[in-house]
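Comments concern the structure below.
The values are calculated or read from the model by the stated rules, or taken from the named source; none is laboratory data. Remember, predicted model here, so these are calculated numbers, not experimental data. Cβ: placed from backbone, ideal geometry, glycine included. Neighbour counts: every protein chain shown. Surface accessibility is based on the protein's heavy atoms, side chains included, excluding ligands, DNA and RNA. Shrake-Rupley method; radii C 1.70, N 1.55, O 1.52, S 1.80 Å.
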Amino acid sequence: MQPTKDSLGWMYRHMVISRRFEKTIEKIYLEGKTPVFNMANGPIPGEMHLSDGQEPVAVGVCAHLTAEDVVTATHRPHHQAIAKGVDLRRMAAEIFGKATGLSGGRGGHMHIFDADVNFACSGIIAQGMGPAVGAALSRKIQGKTGVAVAFIGEGAANQGAFHEAMNLAAVWNLPFICVIEDNAWGISVSKRASTAVERNHVRAAAYGIPGHYVEGNDPWKIYEVAGEAIARARRGEGPTLIEVETFRLAGHFMGDAEGYRPKGEKDGLLARDPIPAMRARLLAEGHATAAELDRIEAEAEATVEDAIRFARDSADPRPEDALTSVFA
């Protein structure tokens with residue numbers, strides 16, 4: 001299943017929007033946090049986990065999904081939210097803690113929720129596995145269309161929630177896909193120091209389901225493998241486990257000194273940045289012209305600027321609404 005010209009354009013557009021969004025958030029996040037870093041200060045308080053470098057995973061999978069399909073993501077969710085179609089204005093406002101945010105500013109960047117496109121994420125490791133499997137089960141019981149996809153990091157594959165959810169998805173033959181984003185680092189712990197198997201996709205054999213490994217952070221290959229797995233799930237043939245080799249170009253979180261990385265690793269990863277690599281391949285293979293890609297990039301810049309302006313201009317939540325939507 002090879003991507004069409006339209007699919008490639010869609011993937012490149014959403015990768016660029018994601019990167020522009022992250023770079024803008026990175027700059028704004030540091031406002032008010034210098035010269036002494038305090039994550040409580042500035043227009044965006046709290047932790048911030050950026051997804052620079054991992055964009056191919058999101059677009060390669062989400063290119064096959066519709067608003068009916070369910071996606072759960074991790075503490076590093078912006079690229080997946082953007083690819084799934086989450087409202088960028090309201091997502092930006094949520095990150096800024098504004099009243100116009102997706103959850104009225106209560107959730108922040110690790111708890112983005114958009115019911116209109118069935119997207120949710122959580123800061124708890126492997127937390128999205130159970131809800132995604134539950135969504136797949138509900139669709140099967142009710143005879144509804146749609147699949148459920150859980151994005152997790154490679155460290156989450158060592159959590160009990162991962163194994164419990166994968167087992168039930170296989171037992172019940174659910175329309176579920178687990179996508180492991182392997183960026184090689186669980187915060188500052190190397191995958192080699194935490195995981196007994198070299199590649200997590202081999203764990204699919206324990207549940208009697210297909211497992212696939214996609215190397216090279218390649219949007220073409222991710223699109224192909226994810227497309228086959230999602231089509232299989234839609235046919236009622238059960239779950240699939242996909243592991244994708246990717247990398248984060250930033251630290252685990254804003255403020256991470258990244259002293260754990262081996263010397264030269266960061267420079268090597270920057271040289272493999274997937275966005276200029278995709279642009280070069282689109283041009284080389286005749287899928288797009290330079291003018292077309294320039295237009296996509298300009299439109300992405302305008303889209304992000306509009307979302308950030310909306311967030312900055314939005315009102316703060318009212319103190320009297322602090323207990324609204326709180327269950328007691």
**Item:** Residue list for the range 287-328, restricted to those being modelled with pLDDT under 95, under 19 Å from ALA93 (Cβ atoms) and of a type in the set (A, V, I, L, M)
**Value:** ALA322
**Those residues of the range 220-237 which are assigned to a helix (DSSP H, G or I) and open to solvent by 10 Å² or more (accessible area, probe 1.4 Å), in sequence order** = TRP220, LYS221, TYR223, GLU224, VAL225, GLU228, ALA231, ARG232, ARG234
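When you scan the range 100-197 for helices (runs of 4 or more DSSP H) that lie fully inside it, which ones turn up with 1 or more residues that are of a type in the set (A, V, I, L, M, F, W, C) and closer than 30 Å to PHE327 by Cα? Talk me through it step by step, then tell me what you get.
Details: elements: 129-142, 160-171, 191-194.
Fully inside the range 100-197 and qualifying: 129-142, 160-171.
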**All positions within the range 198-209 that are surrounded by 18 or more Cβ atoms within 10 Å (Cβ to Cβ), of a type in the set (A, V, I, L, M, F, W, C) and outside any loop (DSSP other than H, G, I, E, B)** = ALA204
**Asked** Hey, does the range 20-39 have a residue that's among the polar types (S, T, N, Q) and either assigned to a helix (DSSP H, G or I) or touching a strand residue (DSSP E or B) at 6+ places or on another chain (Cβ under 9 Å) (or both)?
**Response** yes
**Message:** Take ALA115 and tell me if it is surrounded by 20 or more Cβ atoms within 10 Å (Cβ to Cβ) and either under 22 Å from ALA206 (Cβ atoms) or of a type outside the set (Val, Ile, Thr) (or both).
**Reply:** no
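Against the definition (open to solvent by 20 Å² or more (accessible area, probe 1.4 Å), closer than 26 Å to GLU245 by Cα and out of contact with any strand residue (DSSP E or B) (no Cβ under 6 Å at 6 or more places or on another chain)), how does MET110 come out, yes or no?
Values: open to solvent by 20 Å² or more (accessible area, probe 1.4 Å): yes; closer than 26 Å to GLU245 by Cα: yes; out of contact with any strand residue (DSSP E or B) (no Cβ under 6 Å at 6 or more places or on another chain): yes.
Yes: the conditions hold for MET110.
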**Message:** Looking at the range 38-60, can you tell me whether even one residue there is surrounded by fewer than 15 Cβ atoms within 10 Å (Cβ to Cβ), out of contact with any Phe, Trp or Tyr (no Cβ under 6 Å at 6 or more places or on another chain) and closer than 26 Å to GLY146 by Cα?
**Reply:** no
**Asked** Quick one: in the range 310-324, which of the residues that are part of a loop (DSSP other than H, G, I, E, B) and free of Cβ contacts under 8 Å to residues at least 24 places away in the same chain is surrounded by the fewest Cβ atoms within 10 Å (Cβ to Cβ)?
**Response** LEU323
